[in-house]
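Report on the following structure.
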Amino acid sequence: MSDRSGFGLFLLGMLCLALLAALFPMSFHTSTFRPEWVCLIVTYALLYRPEYMGIGRAWVVGLVQDILEGAVWGAHAIALAFLAYICILSYRRLRSYPLYQQCAWVFILVGVHQIFVNWIQGLAGYDAPSRIILVSSITSALVWPMVVLLLRRIEWRYRL
Amino acid sequence: MLLGVMAFIIGILYVHTNLLNPVKGKGEALSSAVHWVVDIPNRISHWADQRFASKSDLLEENEALRTELLIHKRKVQRMAALSAENTRLRQLLNSADTLEDRVLIAELIGVSPDPMKHSVILNRGSNEGVYPGQPVVDAQGLVGQVVSVTASTSKVLLISDASQAIPVQLVRNGTRFVVEGRGSLFELYLRHVAVTMDIKEGDELVTSGLGQRFPVGYPVARVERIQYDPGRPFATVIASPMAELNKNRHVLLVFDKRHTVTQ
């Protein structure tokens with residue numbers, strides 16, 4: 001990630017923070033509501049700075065998340081790679097949408113991500129009921145505007 | 001596409017083979033280190049809670065603990081006599097002696113981020129002699145078993161995890177069952193309970209020690225509801241775990257004599 005603006009470094013930092021947030025210990029009940037932070041940051045990079053994030057990098061990020069979470073290895077990798085593929089096909093259209101419409105799209109994207117994760121986890125017998133997939137997709141969609149506004153603000157402020 | 005297939009293949013290898021085992025250990029070590037870092041805010045708030053407790057609160061707590069200690073001391077006095085009597089009777093019956101188990105206190109430093117996977121990470125590892133398969137209990141009952149160990153941490157699979165099943169026994173009449181987790185913290189399921197079985201709501205279940213994994217006699221769960229469906233050969237029996245699976249911060253690792261001898 002050799003660049004003048006330093007966005008690469010910023011993105012790396014945000015991804016680390018997202019991984020920590022994804023691991024932060026909560027009770028099993030509250031962690032049902034946990035937004036998929038890593039997925040949101042990767043989506044943000046894919047939509048607004050696609051030159052920094054691709055299928056390969058998303059895959060690596062997913063694998064790191066699997067290893068840290070102790071999930072079945074490959075679950076988040078396959079999900080984020082697929083998410084990256086959809087986003088690369090459609091980022092031009094997606095980023096021109098107003099925020100509320102983006103939220104609806106993020107709901108779908110995170111939902112697809114969750115279905116893939118659930119599929120691989122299901123191989124090990126940990127298939128979640130659809131309620132859990134829905135709830136975390138909804139909370140992810142709800143925090144999406146916050147993520148976008150905050151990251152855009154920081155980018156503009158420091159000219160990243 | 002290729003990456004997707006690769007991820008899928010890794011997933012299959014992870015679940016169905018043990019080719020990845022050496023790498024898995026490295027991953028665990030890394031994961032537990034990060035869990036330790038993530039737990040720092042919780043530790044700070046815990047520390048602050050202890051530091052900034054008011055004097056009257058402390059005195060009150062002290063008083064309550066003293067009372068509790070007194071009650072327990074009285075119970076222990078009777079226990080000593082009873083266990084001596086038990087040993088004598090066992091000798092009369094020529095049966096093997098049950099030995100006292102050695103325990104080690106451990107603290108939770110991480111919780112699985114996936115709500116479906118019920119596992120926690122403890123701050124004790126192989127340096128302290130923790131081994132895979134070791135039973136873990138709290139003050140109320142059985143919590144789970146150790147599934148993997150690094151040098152200074154260990155991962156515990158809770159009894160409520162979907163892949164966990166425990167051989168148990170009804171305290172009231174000694175009937176043996178297998179109780180299994182279904183990924184819910186407050187519900188365990190009893191397998192293959194015939195409709196004619198003598199089982200009631202409120203019955204207590206303890207480990208039977210039959211799986212050679214958990215020691216005999218630790219409380220596991222209490223029967224919560226029984227549903228008889230005429231169309232099915234078995235009754236649906238739901239039990240609630242005794243251990244406070246979602247609240248406890250300190251747990252006990254039990255060292256089984258049998259295991260330490262074979263090691």
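Here are the numbers for the structure shown:
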| quantity | calculated |
| --- | --- |
| Residue, modelled with the lowest pLDDT, within region B:11-45, restricted to residues that are more than 16 Å from A:HIS76 (Cα to Cα), within 10 Å of chain A (Cβ to nearest Cβ) and over 26 Å from the mean Cα position of the chain (by Cα) | B:LEU20 |
| B:ILE109 outside any loop (DSSP other than H, G, I, E, B) and touching a helix residue (DSSP H, G or I) at 6+ places or on another chain (Cβ under 6 Å) | yes |
| Helices (runs of 4 or more DSSP H) contained entirely in region B:1-82, each with at least 1 residues that are in contact with a strand residue (DSSP E or B) (Cβ under 6 Å, 6 or more places away or on another chain) and surrounded by 11 or more Cβ atoms within 10 Å (Cβ to Cβ) | B:21-38 |
| Options B:LEU82, B:LEU65, B:LEU2, B:LEU93; residue that is out of contact with any Ser or Thr (no Cβ under 8 Å at 6 or more places or on another chain), within 30 Å of B:ASN123 (Cα to Cα), of a type outside the set (Gly, Ala, Ser) and free of Cβ contacts under 8 Å to residues at least 12 places away in the same chain | B:LEU65 |
| Top-ranked residue of region A:109-142 - restricted to ones that are within 8 Å of another protein chain (Cβ to nearest Cβ) and not acidic (Asp, Glu), ranked as nearest to B:GLY11 (Cα to Cα) | A:ILE120 |
| Test: residue in region A:84-104 that is modelled with pLDDT under 90 and on the phi > 0 side of the Ramachandran plot | no |
| Scope region A:49-79; condition at the interface with another protein chain (Cβ under 9 Å from one of its Cβ atoms), farther than 25 Å from B:THR150 by Cα and not small (Gly, Ala, Ser); matching residues | A:ILE55, A:TRP59, A:ILE78 |
| Selection status of A:VAL61, modelled with pLDDT of 90 or more, closer than 19 Å to B:VAL34 by Cα and surrounded by 18 or more Cβ atoms within 10 Å (Cβ to Cβ) | yes |
| Output for region A:13-44, where each listed residue is within 13 Å of chain B (Cβ to nearest Cβ), assigned to a helix (DSSP H, G or I), more than 13 Å from A:SER136 (Cα to Cα) and small (Gly, Ala, Ser) | A:ALA18, A:ALA21 |
| Single residue of B:VAL143, B:VAL171, B:VAL156, B:VAL147 found to be free of Cβ contacts under 8 Å to residues at least 60 places away in the same chain and out of contact with any Asp or Glu (no Cβ under 7 Å at 6 or more places or on another chain) | B:VAL147 |
| Criterion: more than 26 Å from the chain's Cα centre (by Cα) and more than 10 Å from chain A (Cβ to nearest Cβ) - qualifying residue of B:PHE52, B:PHE8 | B:PHE52 |
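One line per residue, one yes/no per condition, for (1) free of Cβ contacts under 8 Å to residues at least 40 places away in the same chain; (2) surrounded by fewer than 18 Cβ atoms within 10 Å (Cβ to Cβ):
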| site | (1), (2) |
| --- | --- |
| B:GLY202 | yes, yes |
| B:PHE214 | no, no |
| B:VAL223 | yes, no |
| B:ILE226 | yes, no |
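The values are calculated or read from the model by the stated rules, or taken from the named source; none is laboratory data. As the structure is a prediction and not an experimental result, all values here were calculated from the model. No Cβ is skipped: glycine too gets one built from the backbone with ideal geometry, and neighbour counts run over all protein chains shown.
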